[in-house]
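Have a look at the structure below, then the notes.
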Amino acid sequence: MTQNPPELRPDLARARVTDAPRPGQPTIGMVSLGCPKALVDSERILTRLRAEGYAISADYAGAEAVIVNTCGFLDSAKAESLDAIGEALQENGRVIVTGCLGAEPDYIREHHPKILAVTGPQQYEQVLDAVHLAVPPSPDPFIDLLPATGVSLTPRHYSYLKISEGCNHKCKFCIIPDMRGRLASRPAHAVLREAEKLVEAGVRELLVISQDTSAYGLDRKYDLNPWKGGEVRSHVTDLARELGQLGAWVRLHYVYPYPHVRDLIPLMADPASGVLPYLDIPFQHSHPDVLKRMARPAAGSKTLEEIAAWRAICPDITLRSTFIVGYPGETEAEFQHLLDWLDEAQLDRVGCFQYENVAGARSNALPDHVAAEVKQDRWDRFMAKAQAISAAKLEAKVGRVLEVIVDDIDADGIATCRTWADAPEIDGNLFIDEGAEGLSVGDVVKVTVDEAGEYDLWGALA
């Protein structure tokens, strides 16, 4: 499970979401766990609360109640969510729970009976109702001003842009559709209007997220929406094209390898399009029998042929993916197929999880579960191969001039940046050790790469 950056979590450090509250202003804390989609949910909740006159506390002591936005995708994520709820109860005592694990209120109350309320994912109104009961609002319309972009839990120069909720797939290892429902795409003009406001407020990078980005608009039958005196379809290709015209980097996450994804690649091959040559595609495995046991969409797709076709159109495309090893029934031969596939695919960025049961997932009932020590051995072997591929690919970038975005400049003047090939928090970084004076967070500059590691790069301003 991924979680929000430590400096953005009030349970770990000082969150950068509020100034000192005015006298008598009701104050709420927020702990946000899970994926970027959950982070967007937290931002929406905080934005609504700010609009109603609440201050957002950067620590437990300053909050009259704390909202914990939970993750419930894996048992390990559930355990972390329960720990976070317990800590909030211990440090503050008045806790409202929401998010994916909130879909199991009895489970939560069994462990933490003293919580004030439980709501499920995307139940924004119910969260607000619970806050109103715990800490009544007391707005001052002459003082409580909210920026047009609302409350952001990410640095000002990048922002997640959620284009849909839910998922129509029935992967056996996943319970997200049970918690978040079926695909529900936002109208294209609503997404574009939000993106435009973000860019106007200084956002330099838009990270497009959903449960299945390539299915965007399917539920709306790719309807036409008014935009800039014309019309735009609720379709991922049309949406990406329009987003790229706003003047920010556009990065696509959670894309399934459907045939129409190939239509996105010419956009990525054109530097003027604004759409980064980057695809985050959760392949999960390579062997067709494992994919069928997973009930994965596009299980029969010839993914190596698709990858070759993408690279023929856009040679510089960066491909990131995640995989599961030790899925029930996975044989050594099937795992070796995955290693051989990875050798041929040469993916740029790779994450890997050892399979674990999730309460309510259909995969729990599958036969031939893999022993823990075998899963660990396969994870080690997989990551060793992925690391070697990453190191070789980064070494090939030494001497090249790359465009980067500056994420941070520390007290020693070292700039932490990202190239087009790197998404925040999950991919690598490019560090500028010297000559970063005059740079600011959010700047986009050109850098000559002079050193490479297994996951990161070092360079100097070009």
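The values are calculated or read from the model by the stated rules, or taken from the named source; none is laboratory data. Nothing here was measured: the structure is a model prediction, and the numbers come from that model. Note that we place each Cβ from the backbone using ideal geometry, even for glycine, and neighbour counts take in every protein chain shown. Only protein heavy atoms, including side chains, enter the accessible area calculation; ligands, DNA and RNA are left aside. Shrake-Rupley method; radii C 1.70, N 1.55, O 1.52, S 1.80 Å.
For the listed peptides 264-270, 110-116, a ranking on the average number of other beta carbons within 10 Å per residue, highest first, reads 264-270, 110-116.
Among DSSP beta bridges lying fully in the chain, give the percent that are antiparallel, nearest 5. So the antiparallel bridges amount to about 40 percent of the total.
Evaluated with a Cβ-only charge set (Lys, Arg +1; Asp, Glu -1), the chain carries a dipole of roughly 1500 debye about its Cα centre, given to the nearest 20.
Of the trypsin sites (Lys or Arg not before Pro) in the stretch 234-340, the ones in a loop by DSSP (not H, G, I, E or B) with at most 12 other beta carbons within 10 Å are LYS302. Within the shell defined by Cβ-Cβ distances under 14 Å, the residues around ILE96 carry a net charge of 0, with Lys and Arg each +1 and Asp and Glu each -1. Percent of C-alpha pairs per 20 Å bin in the chain, short distances first: 23, 57, 20, 0.
Going by accessible surface with a 1.4 Å probe and the largest first, MET179, MET294 read MET179, MET294.
Take the chain with all the other protein chains still there, run a 1.4 Å probe, and you get 42 Å² of accessible area per residue. Debye sum, Cα scatterers, the stretch 52-146, no solvent: what log₁₀ I/I(0) at q = 0.15, 0.21, 0.24 1/Å? Log-scaled intensity ratios, in q order: -0.58, -1.04, -1.27.
Highest-first packing order for the peptide set 37-44, 382-389 is 37-44, 382-389, based on the mean count of other beta carbon atoms within 10 Å. Span-like helix criteria (full DSSP H runs; alpha carbon extent of at least 30 Å along the helix axis; mean Kyte-Doolittle hydropathy of at least 0.0) are satisfied in the chain by no helix.
The local environment of GLY329, defined by Cβ-Cβ distances under 9 Å, has a net charge of -3 under the rule Lys, Arg +1 and Asp, Glu -1. Run the accessible area of the chain with a 1.4 Å probe and give the carbon-and-sulfur part as a rounded percent. Answer for the chain is 52 percent, counting heavy atoms of protein chains only.
Against the empirical 2.2 N^0.38 Å (N residues), the stretch 343-462 has a Cα radius of gyration ratio of 1.39. Restricting the chymotrypsin sites (Phe, Trp or Tyr not before Pro) of the stretch 161-251 to loop positions (DSSP other than H, G, I, E, B) with no more than 16 neighbouring Cβ atoms within 10 Å leaves TYR222.
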